[in-house]
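The values are calculated or read from the model by the stated rules, or taken from the named source; none is laboratory data. This is a predicted model, so every value here is computed, not measured. Glycine gets a Cβ as well: all are built from the backbone with ideal geometry, and neighbour counts include every protein chain shown.
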Amino acid sequence: MADQFFAVYQAAFRERQRPGYPGWSQEEWIAWLGTDDDDFRPELSLLASHDDLPVGFITCADRWIIQMGVRPEWRERGIGSALLTKVLGCFRAAGGDQVLLDVNVNNPRAARVYTRLGFERVGRRARYVRALH
């Protein structure tokens, strides 16, 4: 099933061609998600499909939404909102009182979804990368 999550990840993020898209292999992406970490929550890492085509995903850790993506041709259909609503209910049912996530500053569409679902901005940070040649 990891290959289905990765297929949506690639479709959702590659098309933006934004600076910082890492172009990882499936193995690198899975390692970045921290699936071997104790706080990774596989039961809250969900895949949305339509006619056996994976169209959206969300991955979670304890009190943390690691990443969410929807294929570009499937956006604006409520898939991301449905995934978020589902995991927020699960976090609440488990006794959680808050959930964190990051969104890139160059992704105002996602920021609007998060705000509409009750998330509040708590900060802004920049990320830097340097190739080691």
### Residue tally, condition under 26 Å from Pro54 (Cα atoms), small (Gly, Ala, Ser) and modelled with pLDDT of 90 or more, over the range 71-126
5
### Query
Which condition breaks for Trp32 when tested against (1) within 15 Å of the chain's Cα centre (by Cα); (2) outside any strand (DSSP E or B); (3) modelled with pLDDT of 95 or more?
(3)
#### Entry: Phe57 vs. criteria part of a helix (DSSP H, G or I), surrounded by 14 or more Cβ atoms within 10 Å (Cβ to Cβ) and in contact with a strand residue (DSSP E or B) (Cβ under 9 Å, 6 or more places away or on another chain)
no
### Test: Ala48 is at pLDDT 95 or above, within 21 Å of Gly118 (Cβ to Cβ) and assigned to a strand (DSSP E or B)
yes
### Message
Condition first: assigned to a loop (DSSP other than H, G, I, E, B), in contact with a helix residue (DSSP H, G or I) (Cβ under 9 Å, 6 or more places away or on another chain), exposed (fewer than 14 other Cβ atoms within 10 Å of the Cβ) and not β-branched (Val, Ile, Thr). Now tell me which residues in the range 98-119 satisfy that.
### Response
Gln98, Leu117, Gly118
### Task
List the number of the failed condition for Phe40; all other conditions in (1) within 19 Å of Ala12 (Cβ to Cβ); (2) modelled with pLDDT of 95 or more hold.
(1)
### Task
Identify all residues within the range 42-77 that are under 19 Å from Val99 (Cβ atoms) and of a type outside the set (A, V, I, L, M, F, W, C); write none if there are none.
Pro42, Glu43, Ser45, Gly56, Thr59, Asp62, Arg63, Gln67, Gly69
### Message
Just to be sure I understand the filter: pairs with C-beta atoms under 6 Å, separated by 6 or more residues or on different chains, first member in the range 95-123 and free of Cβ contacts under 8 Å to residues at least 24 places away in the same chain and more than 19 Å from Arg77 (Cα to Cα), second member of a type outside the set (Val, Ile, Thr) and surrounded by 11 or more Cβ atoms within 10 Å (Cβ to Cβ). Which pairs pass?
### Response
Val103/Ala110; Val103/Ala111
### Query
Does any residue in the range 71-82 that is part of a helix (DSSP H, G or I) come within less than 7 Å, Cβ to Cβ, of a residue that is loosely packed, with under 14 Cβ neighbours inside 10 Å six or more places away or on a different chain, and which pairs are these?
Pro72/Glu15; Ser81/Leu117
### Query
Hey, any hits in the range 85-94 for a residue that's in contact (Cβ under 8 Å) with a residue 24 or more places away in the chain, assigned to a loop (DSSP other than H, G, I, E, B), surrounded by 12 or more Cβ atoms within 10 Å (Cβ to Cβ) and over 13 Å from the mean Cα position of the chain (by Cα)?
no
